[in-house]
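Inspection log for the structure reproduced underneath, given as C-alpha coordinates.
The values are calculated or read from the model by the stated rules, or taken from the named source; none is laboratory data. Remember, it's a predicted structure, so these values are computed and weren't measured experimentally. For neighbour counting, all protein chains shown are included, and Cβ atoms are generated from backbone atoms with ideal geometry for every residue, glycine included.
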Amino acid sequence: MKKSDYTAINAKTWDQWAENGCEWSVPIDHEEFLRARAGDWAVYLTPCIPVPKTWFPPLQGAELLGLASGGGQQMPIFSALGAHCTVFDYSDRQLESERMVARREGYAINIRKGDMAKPFPFPDGRFDVIFHPVSNCYVEDVFPIWRECFRVLKPGGVLLAGFDNGLNFLFEDDPLTVVNRLPFNPLKMPEEAFRRMAENGEGIQFSHTMEEQLGGQLKAGFRLVDLYEDRDREGGAAIREYAPQYMATRAMKP
(Lines give C-alpha, C1' and ligand atoms only; values in the text may rest on other atoms or scores of the structure.)
Protein backbone atom coordinates (compact mmCIF):
# COMPACT_ATOMS: atom_id res chain seq x y z
CA MET A 1 0.00 0.00 0.00
CA LYS A 2 1.97 2.99 -1.30
CA LYS A 3 1.38 6.54 -0.14
CA SER A 4 1.46 7.59 -3.80
CA ASP A 5 -1.70 5.50 -4.33
CA TYR A 6 -3.70 7.52 -1.79
CA THR A 7 -6.35 8.75 -4.27
CA ALA A 8 -7.05 5.16 -5.37
CA ILE A 9 -7.32 4.20 -1.69
CA ASN A 10 -9.86 7.00 -1.24
CA ALA A 11 -11.88 5.80 -4.23
CA LYS A 12 -12.15 2.32 -2.70
CA THR A 13 -13.00 3.84 0.68
CA TRP A 14 -15.88 5.77 -0.89
CA ASP A 15 -17.06 2.58 -2.60
CA GLN A 16 -17.24 0.95 0.82
CA TRP A 17 -18.94 3.92 2.45
CA ALA A 18 -21.54 3.91 -0.32
CA GLU A 19 -22.14 0.19 0.14
CA ASN A 20 -22.68 0.87 3.85
CA GLY A 21 -25.28 3.57 3.19
CA CYS A 22 -23.27 6.74 3.84
CA GLU A 23 -25.64 9.74 3.92
CA TRP A 24 -23.75 11.34 1.00
CA SER A 25 -24.27 8.20 -1.09
CA VAL A 26 -28.04 7.74 -0.85
CA PRO A 27 -29.62 8.76 -4.19
CA ILE A 28 -32.68 10.96 -4.27
CA ASP A 29 -36.01 9.19 -4.75
CA HIS A 30 -38.51 9.65 -7.55
CA GLU A 31 -40.67 12.05 -5.53
CA GLU A 32 -37.75 14.41 -4.91
CA PHE A 33 -36.92 14.35 -8.62
CA LEU A 34 -40.51 15.33 -9.45
CA ARG A 35 -40.45 18.11 -6.85
CA ALA A 36 -37.27 19.48 -8.41
CA ARG A 37 -38.86 19.42 -11.85
CA ALA A 38 -41.74 21.45 -10.36
CA GLY A 39 -39.29 24.01 -8.94
CA ASP A 40 -39.07 22.77 -5.34
CA TRP A 41 -35.41 21.84 -4.78
CA ALA A 42 -32.27 22.31 -2.70
CA VAL A 43 -28.66 21.20 -3.13
CA TYR A 44 -25.73 21.29 -0.72
CA LEU A 45 -22.04 22.13 -0.99
CA THR A 46 -21.65 21.74 2.79
CA PRO A 47 -23.61 19.66 5.33
CA CYS A 48 -26.53 21.86 6.43
CA ILE A 49 -27.08 25.10 4.51
CA PRO A 50 -28.68 24.85 1.05
CA VAL A 51 -26.84 26.68 -1.72
CA PRO A 52 -28.68 29.97 -2.41
CA LYS A 53 -30.58 29.72 -5.66
CA THR A 54 -29.25 33.17 -6.57
CA TRP A 55 -25.77 31.61 -6.83
CA PHE A 56 -26.80 29.72 -9.97
CA PRO A 57 -27.06 31.09 -13.49
CA PRO A 58 -30.09 29.91 -15.50
CA LEU A 59 -29.76 26.12 -15.52
CA GLN A 60 -32.00 25.34 -18.49
CA GLY A 61 -29.56 24.22 -21.19
CA ALA A 62 -26.48 24.99 -19.07
CA GLU A 63 -23.42 22.73 -19.29
CA LEU A 64 -22.76 21.68 -15.70
CA LEU A 65 -19.85 19.68 -14.25
CA GLY A 66 -20.39 17.83 -10.97
CA LEU A 67 -16.79 17.63 -9.75
CA ALA A 68 -16.28 14.76 -7.26
CA SER A 69 -20.06 14.96 -6.98
CA GLY A 70 -21.23 11.38 -7.60
CA GLY A 71 -23.88 9.64 -5.52
CA GLY A 72 -27.13 10.50 -7.27
CA GLN A 73 -28.01 13.49 -5.10
CA GLN A 74 -27.18 16.71 -6.97
CA MET A 75 -26.92 15.73 -10.63
CA PRO A 76 -30.49 14.41 -10.80
CA ILE A 77 -31.79 17.72 -9.47
CA PHE A 78 -29.77 19.74 -11.96
CA SER A 79 -30.94 17.42 -14.74
CA ALA A 80 -34.56 17.92 -13.63
CA LEU A 81 -33.95 21.67 -13.94
CA GLY A 82 -32.80 21.29 -17.54
CA ALA A 83 -29.01 21.32 -17.20
CA HIS A 84 -26.81 19.09 -19.35
CA CYS A 85 -24.83 17.32 -16.63
CA THR A 86 -21.40 15.70 -16.56
CA VAL A 87 -20.35 13.96 -13.35
CA PHE A 88 -16.66 13.34 -12.68
CA ASP A 89 -15.82 11.09 -9.74
CA TYR A 90 -13.29 8.40 -8.78
CA SER A 91 -15.69 6.04 -6.99
CA ASP A 92 -17.33 3.30 -9.07
CA ARG A 93 -20.14 2.95 -6.55
CA GLN A 94 -20.92 6.68 -6.52
CA LEU A 95 -21.02 6.70 -10.33
CA GLU A 96 -23.26 3.64 -10.40
CA SER A 97 -25.79 5.58 -8.31
CA GLU A 98 -25.77 8.27 -11.00
CA ARG A 99 -26.47 5.67 -13.70
CA MET A 100 -29.28 4.15 -11.66
CA VAL A 101 -31.11 7.45 -11.11
CA ALA A 102 -30.64 8.53 -14.74
CA ARG A 103 -32.12 5.23 -15.96
CA ARG A 104 -35.00 5.48 -13.51
CA GLU A 105 -35.89 9.07 -14.43
CA GLY A 106 -35.08 8.85 -18.14
CA TYR A 107 -32.52 11.62 -18.59
CA ALA A 108 -29.07 11.60 -20.19
CA ILE A 109 -25.93 12.22 -18.18
CA ASN A 110 -22.25 12.11 -19.12
CA ILE A 111 -20.51 9.90 -16.53
CA ARG A 112 -16.72 10.06 -16.35
CA LYS A 113 -14.52 8.19 -13.90
CA GLY A 114 -11.30 9.96 -12.98
CA ASP A 115 -8.97 11.38 -10.36
CA MET A 116 -9.44 15.12 -9.78
CA ALA A 117 -5.82 15.34 -8.60
CA LYS A 118 -4.83 14.87 -12.25
CA PRO A 119 -5.65 17.04 -15.31
CA PHE A 120 -9.37 16.90 -16.12
CA PRO A 121 -10.36 15.01 -19.29
CA PHE A 122 -12.33 17.98 -20.69
CA PRO A 123 -11.49 20.68 -23.25
CA ASP A 124 -10.96 24.33 -22.42
CA GLY A 125 -14.12 26.37 -21.90
CA ARG A 126 -16.46 23.38 -21.79
CA PHE A 127 -18.78 24.25 -18.86
CA ASP A 128 -21.03 27.06 -17.62
CA VAL A 129 -21.10 25.81 -14.02
CA ILE A 130 -18.90 23.62 -11.81
CA PHE A 131 -20.53 22.21 -8.67
CA HIS A 132 -17.83 20.92 -6.29
CA PRO A 133 -19.08 19.80 -2.84
CA VAL A 134 -16.70 19.14 0.08
CA SER A 135 -14.18 16.68 -1.36
CA ASN A 136 -10.82 18.34 -1.94
CA CYS A 137 -9.87 17.15 1.56
CA TYR A 138 -9.06 13.86 -0.24
CA VAL A 139 -6.33 15.54 -2.34
CA GLU A 140 -2.94 16.76 -1.12
CA ASP A 141 -2.54 19.76 -3.43
CA VAL A 142 -5.69 21.74 -4.22
CA PHE A 143 -4.18 24.43 -6.48
CA PRO A 144 -4.12 22.19 -9.59
CA ILE A 145 -7.84 21.56 -9.02
CA TRP A 146 -8.63 25.30 -9.00
CA ARG A 147 -6.44 25.77 -12.08
CA GLU A 148 -8.25 23.00 -13.97
CA CYS A 149 -11.63 24.38 -12.91
CA PHE A 150 -10.65 27.74 -14.37
CA ARG A 151 -9.48 26.11 -17.59
CA VAL A 152 -12.63 24.09 -18.29
CA LEU A 153 -15.08 26.88 -17.45
CA LYS A 154 -16.33 29.25 -20.11
CA PRO A 155 -15.67 32.99 -19.64
CA GLY A 156 -18.38 34.16 -17.25
CA GLY A 157 -18.70 30.63 -15.84
CA VAL A 158 -19.41 29.94 -12.18
CA LEU A 159 -17.47 27.77 -9.72
CA LEU A 160 -19.48 26.71 -6.65
CA ALA A 161 -17.22 24.95 -4.14
CA GLY A 162 -17.47 23.58 -0.62
CA PHE A 163 -14.53 22.72 1.63
CA ASP A 164 -13.57 22.31 5.28
CA ASN A 165 -11.52 24.92 7.17
CA GLY A 166 -9.26 22.45 8.97
CA LEU A 167 -10.85 22.42 12.44
CA ASN A 168 -12.05 18.84 11.99
CA PHE A 169 -8.40 17.80 11.75
CA LEU A 170 -7.23 19.87 14.72
CA PHE A 171 -9.48 18.25 17.32
CA GLU A 172 -10.49 14.78 18.46
CA ASP A 173 -13.81 14.11 20.22
CA ASP A 174 -14.59 12.61 23.63
CA PRO A 175 -13.13 14.62 25.20
CA LEU A 176 -12.59 17.49 22.77
CA THR A 177 -8.80 17.64 22.55
CA VAL A 178 -6.22 19.21 20.24
CA VAL A 179 -4.41 16.31 18.55
CA ASN A 180 -2.82 17.55 15.31
CA ARG A 181 -0.86 20.48 13.97
CA LEU A 182 -2.31 22.17 10.92
CA PRO A 183 -2.16 21.76 8.02
CA PHE A 184 -2.59 18.00 8.49
CA ASN A 185 -0.91 15.83 5.84
CA PRO A 186 -1.16 12.04 6.29
CA LEU A 187 1.50 11.47 3.63
CA LYS A 188 4.01 12.79 6.17
CA MET A 189 2.96 10.23 8.78
CA PRO A 190 5.15 7.19 9.53
CA GLU A 191 4.45 4.29 7.17
CA GLU A 192 2.75 2.19 9.86
CA ALA A 193 0.41 5.00 10.90
CA PHE A 194 -0.49 5.66 7.26
CA ARG A 195 -1.18 1.97 6.70
CA ARG A 196 -3.47 1.83 9.74
CA MET A 197 -5.40 4.86 8.51
CA ALA A 198 -5.87 3.26 5.07
CA GLU A 199 -6.84 -0.15 6.42
CA ASN A 200 -9.28 1.30 8.99
CA GLY A 201 -11.41 2.77 6.20
CA GLU A 202 -10.99 6.35 7.40
CA GLY A 203 -9.96 7.71 4.01
CA ILE A 204 -6.69 9.55 3.43
CA GLN A 205 -7.73 13.12 4.21
CA PHE A 206 -5.83 16.42 4.29
CA SER A 207 -6.52 19.79 5.85
CA HIS A 208 -5.91 22.88 3.74
CA THR A 209 -5.31 26.50 4.65
CA MET A 210 -7.50 29.39 3.55
CA GLU A 211 -4.44 30.50 1.58
CA GLU A 212 -4.83 27.29 -0.45
CA GLN A 213 -8.61 27.37 -0.67
CA LEU A 214 -9.48 31.05 -1.16
CA GLY A 215 -6.07 32.24 -2.28
CA GLY A 216 -5.79 29.27 -4.63
CA GLN A 217 -8.99 30.24 -6.42
CA LEU A 218 -7.78 33.83 -6.76
CA LYS A 219 -4.37 32.77 -8.05
CA ALA A 220 -6.05 30.52 -10.62
CA GLY A 221 -7.77 33.63 -11.99
CA PHE A 222 -11.19 33.50 -10.34
CA ARG A 223 -13.06 36.48 -8.91
CA LEU A 224 -14.52 35.56 -5.52
CA VAL A 225 -18.10 36.82 -5.37
CA ASP A 226 -19.70 35.38 -2.21
CA LEU A 227 -19.26 32.84 0.59
CA TYR A 228 -20.89 31.40 3.70
CA GLU A 229 -19.82 29.15 6.59
CA ASP A 230 -21.49 25.96 7.82
CA ARG A 231 -21.22 23.22 10.46
CA ASP A 232 -21.63 19.46 10.70
CA ARG A 233 -25.13 18.07 11.09
CA GLU A 234 -26.36 17.03 14.53
CA GLY A 235 -24.31 14.09 15.77
CA GLY A 236 -21.20 15.23 13.87
CA ALA A 237 -17.87 16.28 15.32
CA ALA A 238 -18.08 17.95 18.76
CA ILE A 239 -16.31 21.07 17.51
CA ARG A 240 -19.50 21.95 15.61
CA GLU A 241 -20.90 23.31 18.88
CA TYR A 242 -18.12 25.91 19.06
CA ALA A 243 -17.21 26.94 15.51
CA PRO A 244 -18.16 26.41 11.86
CA GLN A 245 -16.02 23.82 10.10
CA TYR A 246 -16.93 24.40 6.44
CA MET A 247 -17.11 27.15 3.86
CA ALA A 248 -18.88 27.45 0.52
CA THR A 249 -17.73 29.90 -2.14
CA ARG A 250 -19.12 31.37 -5.34
CA ALA A 251 -16.43 32.40 -7.80
CA MET A 252 -16.59 33.64 -11.40
CA LYS A 253 -14.25 33.26 -14.35
CA PRO A 254 -13.91 36.73 -15.90
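Conditions: (1) of a type in the set (Asp, Glu); (2) free of Cβ contacts under 8 Å to residues at least 24 places away in the same chain; (3) within 13 Å of Val129 (Cβ to Cβ). Glu63 meets all but one. Number of the miss?
The single condition Glu63 does not satisfy is (2).
Which residues, taken from segment 209-248, are surrounded by fewer than 19 Cβ atoms within 10 Å (Cβ to Cβ), assigned to a strand (DSSP E or B) and of a type in the set (A, V, I, L, M)?
Leu224, Val225, Leu227
Take residues that are in contact with a Gly (Cβ under 7 Å, 6 or more places away or on another chain) and at negative phi and tell me which of the helices (runs of 4 or more DSSP H) falling wholly in segment 26-128 contain 1 or more.
75-80, 92-105
Which pairs do you get when a residue that is more than 19 Å from Glu63 (Cα to Cα), found in segment 96-125, comes within reach of a residue that is assigned to a helix (DSSP H, G or I) and among the hydroxyl-bearing types (Ser, Thr, Tyr), reach meaning Cβ atoms under 7 angstrom, with the pair 6+ apart or on two chains?
Cβ pairs passing all conditions: Ser97/Ser25; Asp115/Thr7; Ala117/Thr7.
Can you name every residue in segment 3-16 that is surrounded by 17 or more Cβ atoms within 10 Å (Cβ to Cβ), more than 15 Å from the chain's Cα centre (by Cα) and hydrophobic (A, V, I, L, M, F, W, C)?
Ile9
Of everything in segment 185-208, what is of a type in the set (A, V, I, L, M), under 23 Å from Asn20 (Cα atoms) and either in a helix (DSSP H, G or I) or at pLDDT below 95 (or both)? Give them in sequence order.
Met197, Ala198
When you scan segment 45-71, how many residues do you find that are within 22 Å of Ala108 (Cα to Cα) and of a type outside the set (Asp, Glu)?
Summing the residues that are within 22 Å of Ala108 (Cα to Cα) and of a type outside the set (Asp, Glu) in segment 45-71 gives 15.
For segment 188-234, give me the residue count where each residue is closer than 15 Å to Tyr246 by Cα and of a type in the set (A, V, I, L, M).
So the answer is 3.
Looking at the structure I just gave you, is Asp164 crowded, with 22+ Cβ neighbours inside 10 Å, in contact (Cβ under 8 Å) with a residue 12 or more places away in the chain, of a type in the set (D, E, K, R) and more than 17 Å from Ser207 (Cα to Cα)?
No: the conditions fail for Asp164.
Just to verify a result, which residue in segment 149-161, among those that are part of a helix (DSSP H, G or I) and more than 15 Å from the chain's Cα centre (by Cα), is surrounded by the most Cβ atoms within 10 Å (Cβ to Cβ)?
Taking the candidates together, the pick is Val152.
For segment 4-19, indicate whether the set of residues that are at negative phi, in a loop (DSSP other than H, G, I, E, B) and free of Cβ contacts under 8 Å to residues at least 60 places away in the same chain is non-empty.
No: segment 4-19 contains no residue that is at negative phi, in a loop (DSSP other than H, G, I, E, B) and free of Cβ contacts under 8 Å to residues at least 60 places away in the same chain.
Scanning for something assigned to a strand (DSSP E or B), modelled with pLDDT of 95 or more and either surrounded by 12 or more Cβ atoms within 10 Å (Cβ to Cβ) or touching a Cys at 6+ places or on another chain (Cβ under 8 Å) (or both), does segment 169-184 turn up at least one residue?
Yes, some residue in segment 169-184 is assigned to a strand (DSSP E or B), modelled with pLDDT of 95 or more and either surrounded by 12 or more Cβ atoms within 10 Å (Cβ to Cβ) or touching a Cys at 6+ places or on another chain (Cβ under 8 Å) (or both).
Which one of these does Ser69 not meet: (1) of a type in the set (S, T, N, Q); (2) touching an Asp or Glu at 6+ places or on another chain (Cβ under 9 Å); (3) without any contact (Cβ under 8 Å) to a residue 60 or more places away in the chain; (4) under 21 Å from Phe150 (Cα atoms)?
Evaluating Ser69 over (1) of a type in the set (S, T, N, Q); (2) touching an Asp or Glu at 6+ places or on another chain (Cβ under 9 Å); (3) without any contact (Cβ under 8 Å) to a residue 60 or more places away in the chain; (4) under 21 Å from Phe150 (Cα atoms) leaves (3) as the failure.
For residues that are surrounded by 22 or more Cβ atoms within 10 Å (Cβ to Cβ), small (Gly, Ala, Ser) and under 25 Å from Ala38 (Cα atoms), scanning just segment 81-119, find the one that is nearest to the chain's Cα centre (by Cα).
Checked segment 81-119; the qualifying residue nearest to the chain's Cα centre (by Cα) is Ser97.
Pairs only if they're at least six apart or on different chains, beta carbon under 7 angstrom, first in segment 128-149 and under 13 Å from Leu218 (Cα atoms), second assigned to a helix (DSSP H, G or I) and polar (S, T, N, Q); list them, first residue then second.
Val142/Asn136; Val142/Gln213; Ile145/Asn136; Trp146/Gln217
Identify, please: which residue in segment 133-148 is of a type outside the set (Ser, Thr, Tyr) and closer than 22 Å to Lys53 by Cα and is, among those, surrounded by the most Cβ atoms within 10 Å (Cβ to Cβ)?
Among those residues, the one meeting the criterion is Pro133.
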